[in-house]
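Taking it in order: structure first as structure tokens, then the write-up.
The values are calculated or read from the model by the stated rules, or taken from the named source; none is laboratory data. Predicted model, so just to flag it, every value in this text is computed and none were measured. Glycine also receives a Cβ, built like all others from the backbone with ideal geometry; neighbour counts cover every protein chain displayed.
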Amino acid sequence: MRTFAAVIDRLEESVIALIFAAMTLLTFVQVVLRYVFNSGFVWALEATTYLFAWLVLFGIAYGLKHGIHLGVDSFQRVFHPRLRRRLALVTVAAGLAYATLMFIGSWDYEARMYKIGIEAEDIPVERWILRLILPIGLALLALRLVQAGIRIWRGEQESLLLADEARIALRQHQEEANQR
Amino acid sequence: MTIAFLFITLFALLFIGTPIAISLGLSAVSTILLFSNDSLASTALKLFETMEHYTLLAIPFFILSSAFLSTGGVAKRLIRFAIATVGHYRGGLAMASVLACMFFAAVSGSSPATVVAIGSIVIAGMVQSGYDKRFAAGVICNAGTLGVLIPPSIIMVVYAAATDVSVGRLFLAGVLPGLTAGLMLMGAIYLRARYLDVPRQPRASWGEWFAAAEDAVWGLLLVVVIMGGIYGGIFTPTEAAAVAAIYSFFVGLFVYRDMGPLRRSAGSAGTHGVVLLVVAASFTAVSGFSAGTFEPVAALALLAGAGGLVVFYLRTGGQATSLLTSLRELVFYLPAAAVHPQTREVLVSAGRTTIMLMFIIANAMLFAHVLTTERIPHIVTDFIVDAGFSPWQFLLVVNILLILAGDFMEPSAILLIMAPIFLPIALELGIDPIHLGIIMVVNMEIGLVTPPVGLNLFVTSGITGMDLIEVLKAALPWMGVLLLFLILVTYVPAISLFLPNLAYGPQF
């Protein structure tokens, strides 16, 4: 049986894959339309940029859970484990401070846009709806940070899993080799 | 005071292991809160607006296109072609590795990924044919960096976005320096190989060279699609990237078949490639002539398609059945390929890279925004100009600062923060922004092989099992070649500016 977390993971990945595919196809189709029919959709470019923003802002929290965010972790390795754990909790606090401040800012912005009721440039939808992912993404980030913080507190995880491009490249290679 | 707070917060956060993006963002936001009148709302909106930046929109598409082609199968094809081309010289296997790194990096765009994909195959191969392991590891570690200069390069897109120079110009400006660096490395290998008296490979027959080329060309055509499209004025760099992503999808799943529903099904890449070429060419030709907007391109496409058919005819003696089979597969398996689990996997993995990179870029832009509102670029420019720095002294400072910065930070973040500071000074001193861009990119390249965070050193150590100090020692002489190259690029602007000025006319 698949756990709840695995279902959520799968769901998040599907959203990422779908948005990515949609924005690529939309841009490609736009190029084709321009040459074949000398036409195109006026809303295509704006829609692509909104899709892009949704992809990234939605994915930040997903990325935190899967440790894709780069960071420098070579200094902490020399510290005593107890100090290292405390510092890891400080990084979680820093992340929460960031997410909270940005969330407040985006909430203010959304509230203002909601009151004005202004529409996007080429898409006939109100702007606050199209940018709703900003507060949502930041709230999700805060949620994932709290979860990571709890795991670090309990000693189930050493730090905010930091990615390092060297390790990623090596792991991908390993996976591909295993498939063969 | 404000600036001191900004940087001290940043470094403190980085030091304790906060993700780079959050370190940049939090130091910028807290500085804004404490010292400026900007509202939090406009600050948060800046995060969103990064993704509305048209130039930066090219980044996810380039990442996707490389994800379809960064497989071991593509690496093997490119290596075979490289060996068939230069393998017979003394030290030829090492030279071929450099060439293969250049090819693969052009297709994949990632330097550590290049070292892993090419290195894991060729280092073992070189050791088997009698090379010293340190020699092999040192060469690969450095050759893997060449990719950032050869278009398409994501770092160049970032520089273009930070300084508003044209991506097309910048890509073109990277071509000659990229080739120069490759040739310099190969030259150094040749000299070293003569001295060490390493073995040669037998010269590849023309048949083998042709077969290898026929196999490798479909990946390499990606660069042609991008550069031809941008330079021919068919599409913007961002559109070129999206077209490249679609192209890579077809090459990955229908021509090379390393993944997708047709994985391991029979047929040669040459046949499938010709089919793809003919389909794309007839499509381009029909649409081009009917719309009447780009006849020269349509004519060229027609020519390419016809050329492909002729070559195929000569190679196979006119057996069209395999072509028809391949065409049928292309049509029937397209839906299956689009929804195949491996396609989804590629999308997710490219999505992860995009999210990681764009989160850093968005926050780095916020950080750069704080610097600009504090008038830092202005103050630094005044200082440099008043101090009477000459262009060459300034460029020396740029090089030293960037190599140092490259040891601690992610390249695209460095470019976004430093480029707005350097650019006004460069303009004041009469240095072309394109030239400055290439210098900055080459510095980022060298940052990949210098400790403490030289990614390529770690990756090379990972695939060879050598320890880090050993890899560093092995890499050092070749790093010297790259440093020499940096000096050359810094003080001979023509290497960077010749092609873009030829194509677009001088900018100033």
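Would you confirm whether any residue within segment B:54-73 is within 27 Å of A:TRP128 (Cβ to Cβ), buried (at least 19 other Cβ atoms within 10 Å of the Cβ) and at the interface with another protein chain (Cβ under 7 Å from one of its Cβ atoms)? Yes, segment B:54-73 contains a residue that is within 27 Å of A:TRP128 (Cβ to Cβ), buried (at least 19 other Cβ atoms within 10 Å of the Cβ) and at the interface with another protein chain (Cβ under 7 Å from one of its Cβ atoms). Considering (1) under 23 Å from the mean Cα position of the chain (by Cα); (2) more than 14 Å from chain A (Cβ to nearest Cβ); (3) β-branched (Val, Ile, Thr), the lone condition that B:VAL198 does not fulfil carries the number (1). Among helices (runs of 4 or more DSSP H) entirely within segment B:165-284, having at least 1 residues that are surrounded by fewer than 18 Cβ atoms within 10 Å (Cβ to Cβ) singles out B:167-196, B:206-231.
So A:GLY95 fits all but one of (1) without any contact (Cβ under 8 Å) to a residue 40 or more places away in the chain; (2) within 18 Å of A:ARG151 (Cα to Cα); what number is the exception? A:GLY95 satisfies every listed condition except (1).
In summary, A:LEU25 fulfils each of the numbered conditions (1) at pLDDT below 90; (2) surrounded by fewer than 20 Cβ atoms within 10 Å (Cβ to Cβ) with the single exception of condition (1). Restricting B:ILE431, B:ILE439, B:ILE421 to residues that are among the β-branched types (Val, Ile, Thr) and under 19 Å from the mean Cα position of the chain (by Cα) narrows the list to B:ILE439.
Residues are listed down the side, and each one gets a yes or a no for (1) surrounded by fewer than 19 Cβ atoms within 10 Å (Cβ to Cβ); (2) at the interface with chain A (Cβ under 9 Å from one of its Cβ atoms); (3) among the hydroxyl-bearing types (Ser, Thr, Tyr):
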position: B:PHE15; (1), (2), (3): yes, yes, no
position: B:THR18; (1), (2), (3): no, yes, yes
position: B:ALA21; (1), (2), (3): no, yes, no
position: B:LEU24; (1), (2), (3): no, no, no
position: B:THR31; (1), (2), (3): no, no, yes
position: B:LEU40; (1), (2), (3): no, yes, no
position: B:ALA44; (1), (2), (3): no, yes, no
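I'm trying to understand the selection: among the residues of segment B:347-383, which are of a type in the set (D, E, K, R), more than 12 Å from chain A (Cβ to nearest Cβ) and part of a helix (DSSP H, G or I)? Result: B:ASP382, single match. Can you find a residue in segment B:74-86 that is more than 14 Å from chain A (Cβ to nearest Cβ), farther than 26 Å from B:PHE408 by Cα and among the charged types (D, E, K, R)? Yes, that holds for at least one residue. Could you please let me know if A:LEU51 is more than 22 Å from B:ALA350 (Cα to Cα) and not in a loop (DSSP other than H, G, I, E, B)? So A:LEU51 fails the test. Select from segment B:372-420 the residues that are crowded, with 20+ Cβ neighbours inside 10 Å and touching a Pro at 6+ places or on another chain (Cβ under 8 Å) and list them in ascending order. The one that is crowded, with 20+ Cβ neighbours inside 10 Å and touching a Pro at 6+ places or on another chain (Cβ under 8 Å): B:THR381. Restricting attention to segment A:65-96 and to residues that are under 17 Å from the mean Cα position of the chain (by Cα) and at the interface with chain B (Cβ under 8 Å from one of its Cβ atoms), the residue that is modelled with the highest pLDDT turns out to be A:GLY95. Within segment B:135-142, can one find any residue that is modelled with pLDDT of 85 or more, closer than 18 Å to B:SER70 by Cβ and aliphatic (A, V, I, L, M)? Yes, segment B:135-142 contains a residue that is modelled with pLDDT of 85 or more, closer than 18 Å to B:SER70 by Cβ and aliphatic (A, V, I, L, M). Please tell me if B:THR464 is surrounded by fewer than 23 Cβ atoms within 10 Å (Cβ to Cβ) and polar (S, T, N, Q). In short, yes.
Being outside any helix (DSSP H, G or I) and out of contact with any Cys (no Cβ under 7 Å at 6 or more places or on another chain) is the requirement here; does B:PRO506 meet it? Criteria met by B:PRO506. Any chance you could count how many residues in segment A:126-168 are within 20 Å of the chain's Cα centre (by Cα), within 30 Å of B:SER70 (Cβ to Cβ) and polar (S, T, N, Q)? Qualifying residue count, segment A:126-168: 1. Per the conditions (1) touching a residue at least 60 places away in the same chain (Cβ under 8 Å); (2) part of a helix (DSSP H, G or I), the sole criterion not satisfied by B:ILE150 is (2).
Among the residues of segment A:15-47, just one is under 23 Å from A:PRO135 (Cα atoms), facing chain B (nearest Cβ under 7 Å) and either of a type outside the set (A, V, I, L, M) or not in a helix (DSSP H, G or I) (or both), namely A:PHE20. Counting only helices (runs of 4 or more DSSP H) that sit wholly inside segment B:419-502, those with at least 1 residues that are over 30 Å from B:ILE379 (Cβ atoms) and modelled with pLDDT under 90 are B:455-464, B:468-491. Of all residues in segment A:61-118, those satisfying the criterion of being acidic (Asp, Glu) and assigned to a helix (DSSP H, G or I) are A:ASP108, A:GLU110. A:ASP9 - would you say it is closer than 30 Å to A:ILE150 by Cβ and over 17 Å from the mean Cα position of the chain (by Cα)? Taking the combined requirement at face value, the residue does not satisfy it.
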